[in-house]
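See below for the structure under consideration.
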Amino acid sequence: MIPAHIYNDEELFGLERERVFGRSWVFVAHESEVPQPGDYVVRRVLDDSFIVARDEGGTVRAMFNMCLHRGMQVCRAEVGNASHFRCPYHGWIYRNDGKLTGLPFHREAYGGEEGFRRSEQTLLPAPSLDSYNGLIFISLDPQAPPLREYLGDFAFYLDFYTKQSPAGIELSGPQRWRIKANWKIGAENFAGDSYHTPQTHTSVVEIGLFREPKAAKRKEGALYWAQRGGGTTYKLPPGTFAERLRYVGYPDEMIERMRANWSPAQQRVIGEDGFMISAASVFPNLSLVHNWPKVTAGSDDEVLPFISLRQWQPISADETEVLSWFAVDAAAPEEFKKLSYKAYLMCFGSTGMFEQDDVENWVSITSTAAGSMARRLLLNNRMGLLHDDKPVTPPLAHFAGPGTAYVGYGEYNQRAMLALWADCLEQPVAAAARTELGRA
Amino acid sequence: MNERLMGTTRRPGTALPFSDERHLQAHQFLVDEAYLLDSQDYETWLSLLTDDIRYLMPVRVTTARGAGFDTAPGMAHFDEDRYSLGLRVARFATEHAWTEDPPSRLRHYVTNVRVFDTGDPDELVAESAVLLFRSRGDVRESALVSAGREDLLRRDASGAAESAGHWMLARRTIAVDESVLRMQNLAIFL
């Protein structure tokens, strides 16, 4: 049971800031967003601003966007290309690998290296940085486990979205907008809420945009949870691996690359089990979605898939900035990329016809969760469980992917997300070491 | 309007005098359109769009002065044609577009209108500023979107378009003035 006020509670948000976002791996950018030396984007982990830049040697770094001297942001743009960042306040200059290379009046103001050791200073690096399939994550915990270990078995599923060919994905965007909703609601929804689709998204079926969300179809999909993340799937009509990928609109040349690139077990999820990945979340606040709407006026069978990555960036207990990217296999044909982008815009993002109705729900929940009555209500999140905690339907005995999978409606994944969340909240974070600068 | 976003339509010379008939017709088109959008009369609005309508709202990004760009490459909020706009309008007409049920109270303030001769007597370029006020429910804060627009208006040769001078909207580029929108979604048109 879930106390309703967790979706709008300042005290809990303070704990989340420290104990969830102070230790978890948080997505910041994809390598395709900074392809050339000097390319950078500025991204945040809550209030902490980081410059994610590719240096002249090709290494991607994440540097705390705060001048070592008086704390000014050294980069106030959100995207660009620069060899150096110059602080506008006193003119300290940092190279795009973070190294301090310019300090005006070093000799006169500090007595040179004797007073301030310029030569070894850099912008503070993110405490931990790691990547998977080009997805760059940072953690504020310097002792964070390797990202691959953190992701655990969910990496198996992440490949469906982000490794359809050796070229990997390329990202466009993000669209960014603020919603008056708690960040957890979106993360939980994408993790496992297949139950909302037939109701919330009735309209997109009625207008012929999407053929799948009908209640009968949605409950035949499998819900899987695999350590640090989980998601929803659709059950596809009978067919082979290639036929099912064709059914959702992939051209044969992309299917051949998937066959060469995915493990036999990954291929069996589609080819034998018949499940196609749809929405998913990685704890704490990264979600993914893969759908296949009708992108042009034509016959009903002409659908085309798209992929979106999205981040629920907490602003406060009752507000979230959504960052929503369009992702596509870099090796995909140009015509496919064009149509896939159109498919994304119609379905998700700031104007997406699916997403519009989701956000209306989440804003309403958050607003209602603020009051005293919400502190008396325990929301029932036991879908899929009987009174004795046995599952309504047993987990799938044969499922090619790792983790646990169920067919039908159930809140297994939302419970798994909140269990990870509760584990974080129960454990204090060790005080971070302080960095003192420049003293000889 | 921000120079860096432009370039989708030709805009030769200086703006037409406000007393020019073409300015008056374009201005009336924009004001009449604003009332349609306020009242969510989207079927009528669609009738004023050409079949080859391109309706584009790029994602604005904060870049250094001199960077040469201020939109996210390859990404937009809206990048629409007749099919996708038609679907959006059809969706609002269902009984299940929850985000607009109950409907928002909308007010499009259209101002700073300038109209340009394109050299083609059947095409005009119109620039305008739009401020959208949107209020939902009773307890929620209202939301604003501010944007500049550059429109290509084309005269309907058949004379069927029910607008002053029979003008129709053939292309619209919307330069939104925020990089992070402060509105829960764009279940509206600008």
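Which loop-located GluC sites (Glu not before Pro) does the stretch A:73-133 contain, where loop means any DSSP state but H, G, I, E or B and the Cβ has at most 13 other Cβ atoms within 10 Å?
In loop regions of the stretch A:73-133 (DSSP not H, G, I, E or B), the sparsely surrounded GluC sites (Glu not before Pro) are A:Glu120.
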Quiz item: How long is the gain from A:His84 to A:Asp388 if the chain were fully straight, where each residue apart is worth 0.36 nm and the alpha carbon distance is subtracted?
Solution: 103.3 nm
Practice problem: Can you tell me how much longer the chain between A:Thr296 and A:Arg70 gets when fully stretched, taken as 0.36 nm per residue apart minus their C-alpha distance, in nm with one decimal? | Solution: 75.9 nm
Quiz item: Cα extents of the stretch A:302-416 along the three principal axes, largest first, in whole Å?
Solution: 52, 43, 23
Exercise. Pop the C-beta distance of B:Ser146 and A:Arg117 into the FRET formula with R0 = 35 Å and round what comes out to the nearest 0.05.
Key: 0.15
Practice problem: Report the charge-dipole magnitude of the protein assembly as shown in Debye, nearest 20, computed about the Cα centre from +1 at each Lys and Arg Cβ and -1 at each Asp and Glu Cβ. | Solution: 1180
Quiz item: Any idea what angle helix A:334-347 forms with the longest principal axis of chain A, computed on alpha-carbon atoms, 0 to 90 degrees, nearest 10?
Solution: 80
Quiz item: Taking only Cα atoms, what is the 0 to 90° angle, nearest 10, from helix A:10-19's long axis to the longest principal axis of chain A?
Solution: 70
Exercise. Please give the FRET efficiency for B:Asp52 paired with A:Glu149, using the beta carbon to beta carbon distance and R0 = 56 Å, rounded to the nearest 0.05.
Key: 0.60
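What value does the stretch A:153-426 have for Rg/Rh, both radii from Cα atoms and Rh as Kirkwood defines it?
Working: Rg = 18.1 Å, Rh = 19.0 Å.
Computed over Cα atoms, the ratio is 0.95.
Given only helices, namely DSSP H runs of n ≥ 4 each adding -39500 (n - 2.57), what is the per-residue ellipticity at 222 nm of chain A, to the nearest 500 deg cm²/dmol? Present the calculation step by step, with values, prior to reporting the outcome.
Values: 14 runs with 120 residues, N = 440.
Calculated mean residue ellipticity at 222 nm is -7500 deg cm²/dmol.
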Self-check item: Where labels lie 7 Å past Cα in the beta-carbon direction, separation of A:Glu334 and A:Asp47 in nm
Solution: 4.8
Self-check item: On Cα atoms only, tilt of A:252-261 relative to the major axis of chain A in degrees
Solution: 70
Practice problem: Distance between Cα centroids, the stretch A:128-201 to the stretch A:70-98: provide it in whole Å. | Solution: 29
Quiz item: For chain A, which cysteines have no disulfide-compatible partner, meaning no other cysteine Cβ under 4.7 Å?
Solution: A:Cys75, A:Cys347, A:Cys424
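Under the rule a/c < 1.5 gives rounded, and otherwise a/b versus b/c splits prolate from oblate, where does the stretch B:16-176 land using the Cα gyration tensor? Walk me through the intermediate numbers first.
Values: a/c = 1.56, a/b = 1.17, b/c = 1.33.
Since a/c reaches 1.5 but b/c is at least a/b, the shape of the stretch B:16-176 is classed as oblate.
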Exercise. Just tell me the longest site-free run in chain B, where the sites are trypsin sites (Lys or Arg not before Pro) in a DSSP loop having at most 16 other beta-carbon atoms within 10 Å.
Key: B:66-139
Quiz item: When chain A is treated as a GNM, springs tying every alpha-carbon pair under 10 Å, which of A:Leu309, A:Leu147, A:Leu420 comes out with the largest mean-square fluctuation?
Solution: A:Leu420
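Based on alpha-carbon positions alone, could you give the equivalent ellipsoid semi-axes of the protein assembly as shown from the gyration tensor, as √(5λ), descending, whole Å? Don't jump to the answer; show the numbers that get you there.
Details: eigenvalues 303, 248, 116 Å².
For the protein assembly as shown, the semi-axes come out at 39, 35, 24 Å.
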Practice problem: Mind giving me the nanometre distance, one decimal, between the label points for B:Leu24 and B:Ser135, set 7 Å out from Cα along Cα→Cβ? | Solution: 3.5
Quiz item: Considering chain A as a Gaussian network with a 10 Å cut-off on Cα pairs, which listed residue, A:Thr59, A:Thr122, A:Thr197, attains the greatest mean-square fluctuation?
Solution: A:Thr59
Quiz item: At what distance in angstrom do the alpha carbon centres of the stretch B:120-190 and the stretch A:397-429 lie from each other?
Solution: 45
Quiz item: Any idea how far apart A:Val429 and A:Glu220 come out in nm if each label point goes 7 Å out from Cα toward Cβ?
Solution: 4.5
Exercise. Mind telling me which of A:Asp39, A:Asp357, A:Asp141 comes out most flexible in a GNM of chain A, alpha-carbon contacts under 10 Å?
Key: A:Asp357
Quiz prompt | Cα gyration tensor category, rounded, prolate or oblate, for the stretch A:194-298 with a/c compared to 1.5 | solution = oblate
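So what's the convex hull volume per residue for the Cα atoms of the stretch A:1-117, in Å³? Kindly include the intermediate steps, with their values, before the conclusion.
Values: hull volume 17.4 nm³, N = 117.
So the per-residue Cα hull volume is 149 Å³.
Laboratory data are not the source of any read-out in this text; all were calculated from the coordinates shown. Computed from a predicted model, the values in this text were never measured in an experiment. A quick note on method: Cβ atoms are made from the backbone with ideal geometry, for glycine too, and the neighbour counts reach across all protein chains shown.
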